[in-house]
Amino acid sequence: MDIHTHNYKVIILPPNLRPGFFDFDPVFKNIYWTDFRYYTILKTSLDDGKTTEFLRLPQYTSVKALAVDPLSRLLFIAEQKHGIRVVSLNTMKIAHVLTNNSRPTDIELDLIKRKLYWCDNSNKIEVADYDGSNRRIILSNITCYDEIALDTSRNVIYWPNRFAGRIERVNFDGSNRQNITVANGTIIFKMEVDGVMLYYTDYRASSVMAVPVSGGFPHQIGKDGFGNFLAIKRNKEDYSNTDANNGCLLNNGGCEHICVPLSTKNSRTCFCTDGYNSSANGSCIGYPLKVRLSGANNTNEGRVEVTIDNGATWGTVCINGFGVDEANVICKMLGMASDRSVPQSSFKPASSSQHLIISGLNCGGNESA
C-alpha cells in the first residue's frame, strides 16, 4: 500500500498455504514469507506473481520474523526455540548466528550500522552485530511479546505494552524510556517507522494504524477491514544500493558459503552451513556424519540420533522406511557387529526441540561405515 495515496495491490498466493511473517527484497522485488503448514520459506515475485519454494526448514521450526538486508543479500530468521539464523540470498546457504539463551519473537535490522535488534520472550530487548558478536541487553523486565520497531534516524526502539495499553520507546543505549500513545483494547502484531510516523497493525481493527513518533493518538490509514494482519513491513527502496564499507560486496567477501558484514569498515565474518567448519581463508570444510543411540539404559540399543556439525546439535532420523538394512549400516558406524530390530515405541521419543535431520533413508545394508 502507498502510504501517501492509500492505493494498494492484492497479491494472489497459491491455494492451501498459510502465509505468516514476511519481508521484501527491493533489489529483485521478491517477497520472502513463511508458511505455517509446511515449515517452508517461500518467494513471491512482484513482477510476475510467481511463488516458488526458497528454503525448507526443519520440522517444528517456529519462525517469528524475517528480516532482509537487500545490499548484503542476507535474510535473517528469528526462530522462537532455536535463536537467529542467517541465509545468503546468493548462495542459499543457512547458518546459526545466535543460539545461546536466545528465544527471539521479533527481529529488526539497522542496515547502515549492520546491527541486529530483537525482542526476546524472556522480556528483554537485545542488540548484537550481524554475526552475533558484541551482544548486549538494552532493556530488561519489560513486556515484549512479538514486535519491536526501529527508528534509526533518531536511535530509538518502539514496542507495545499490551497489559498497560500503551506504546513505549527507549533510546538505543537504554535511556529515556517514554510512553508514546495510549492504545487500550488493541492487539498490535507488528510495527514499522517511516519518517515521522509509526505504523502498526491492529488485529481487532483489521486495518493499518498510525501515530506520530512524537506522540499522540492513533488514526487509521487506508481501507477499513483489510483482514486480520500478522505483519507489516516498510519498503526498503530508499536504502542506498552502494556501500563502500561493506566487507561482503566484492566476491562475497572471500567466503565460500555466507558473508556477514560488520559495522567496522570492510570487516566481515564468514559462516558455513550446518555440517561444515569455516577455515581461516573463508572456505568451508565438511564434518563427517556421526551417529549415537539415545533413550535406553545401555549403550548397544536406543533411538538413532545423528549430527552433521561435529556434535554441536543432534537430531533424529525419520522412522518411515527405516528397517533392517538401515539398522545394519548404523550398527557398523557404531562399531557393532549386528543389529537387533525393536518396535518404535520401545524408546522414548525425541524432544520436540530436536530437528529431524534425515528422512527417506534407503540403505542396501552393505555400505561401509
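Write out, first by first residue and then by second, each pair whose Cβ atoms fall under 9 Å of each other, whose residues are 6+ apart or on separate chains, and whose first residue, in the range 247-268, is free of Cβ contacts under 8 Å to residues at least 24 places away in the same chain and on the phi > 0 side of the Ramachandran plot while the second is in a loop (DSSP other than H, G, I, E, B) and surrounded by fewer than 20 Cβ atoms within 10 Å (Cβ to Cβ).
Close Cβ pairs satisfying both conditions: Asn266/Ala244; Asn266/Asn245.
For (1) touching a helix residue (DSSP H, G or I) at 6+ places or on another chain (Cβ under 7 Å); (2) surrounded by 12 or more Cβ atoms within 10 Å (Cβ to Cβ); (3) outside the structural domain of Asn155 (by TED's automatic domain parsing), each residue gets a yes or a no:
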position: Leu198; (1), (2), (3): no, yes, no
position: Gly215; (1), (2), (3): no, yes, no
position: Lys236; (1), (2), (3): no, yes, no
position: Leu250; (1), (2), (3): no, no, no
position: Cys255; (1), (2), (3): no, yes, no
position: Ser263; (1), (2), (3): no, yes, no
position: Arg268; (1), (2), (3): yes, yes, no
position: Thr299; (1), (2), (3): no, no, yes
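Across the range 9-28, what is the number of residues that are touching a residue at least 24 places away in the same chain (Cβ under 8 Å), assigned to a loop (DSSP other than H, G, I, E, B) and more than 13 Å from Thr51 (Cα to Cα)?
Matching residues across the range 9-28 total 2.
Just checking, which of Ile308, Ile285 is within 22 Å of Lys93 (Cα to Cα) and touching a Leu at 6+ places or on another chain (Cβ under 8 Å)?
Ile308
So which residues in the range 133-159 are under 24 Å from Gly20 (Cβ atoms) and either touching a residue at least 40 places away in the same chain (Cβ under 8 Å) or surrounded by 15 or more Cβ atoms within 10 Å (Cβ to Cβ) (or both)?
Matches in the range 133-159: Cys144, Tyr145, Asp146, Glu147, Ile148, Ala149, Leu150, Ile157, Tyr158, Trp159.
Are there strands (runs of 3 or more DSSP E) fully within the range 256-340 with at least 3 residues that are closer than 30 Å to Ala244 by Cβ? List them.
Answer list for the range 256-340: 258-261, 268-271.
Residue by residue, here is whether (1) in the same structural domain as Ile94 (by TED's automatic domain parsing); (2) surrounded by 16 or more Cβ atoms within 10 Å (Cβ to Cβ); (3) under 20 Å from Glu367 (Cα atoms) holds:
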position: Cys272; (1), (2), (3): yes, yes, no
position: Gly302; (1), (2), (3): no, yes, no
position: Val306; (1), (2), (3): no, yes, yes
position: Asn310; (1), (2), (3): no, no, no
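Output the number of residues of the range 250-281 satisfying the condition of being farther than 23 Å from Val127 by Cα, among the hydrophobic types (A, V, I, L, M, F, W, C) and at pLDDT 90 or above.
Total satisfying the criteria: 1.
In a strand (DSSP E or B) and among the basic types (Lys, Arg), is that true of Arg169?
Criteria met by Arg169.
Here is a check on your reading of the model: is Thr52 more than 12 Å from the chain's Cα centre (by Cα), buried (at least 21 other Cβ atoms within 10 Å of the Cβ), hydroxyl-bearing (Ser, Thr, Tyr) and at pLDDT 90 or above?
So Thr52 does not fit the description; no.
Got a sec? Which strands (runs of 3 or more DSSP E) wholly within the range 42-157 have at least 1 residues that are touching a Lys or Arg at 6+ places or on another chain (Cβ under 7 Å)?
51-56, 74-79, 83-88, 94-98, 104-110, 115-120, 124-129, 136-140
Would you point out which residue out of Lys124, Lys115 is surrounded by 15 or more Cβ atoms within 10 Å (Cβ to Cβ), out of contact with any Pro (no Cβ under 7 Å at 6 or more places or on another chain), without any contact (Cβ under 8 Å) to a residue 40 or more places away in the chain and among the charged types (D, E, K, R)?
Unique residue meeting the criteria: Lys124.
Kindly indicate the residue of the range 29-41 that is modelled with pLDDT under 90 and assigned to a strand (DSSP E or B) and also nearest to Leu262 (Cα to Cα) among those meeting that condition.
Thr40
The values are calculated or read from the model by the stated rules, or taken from the named source; none is laboratory data. Nothing here was measured: the structure is a model prediction, and the numbers come from that model. Glycine also receives a Cβ, built like all others from the backbone with ideal geometry; neighbour counts cover every protein chain displayed.
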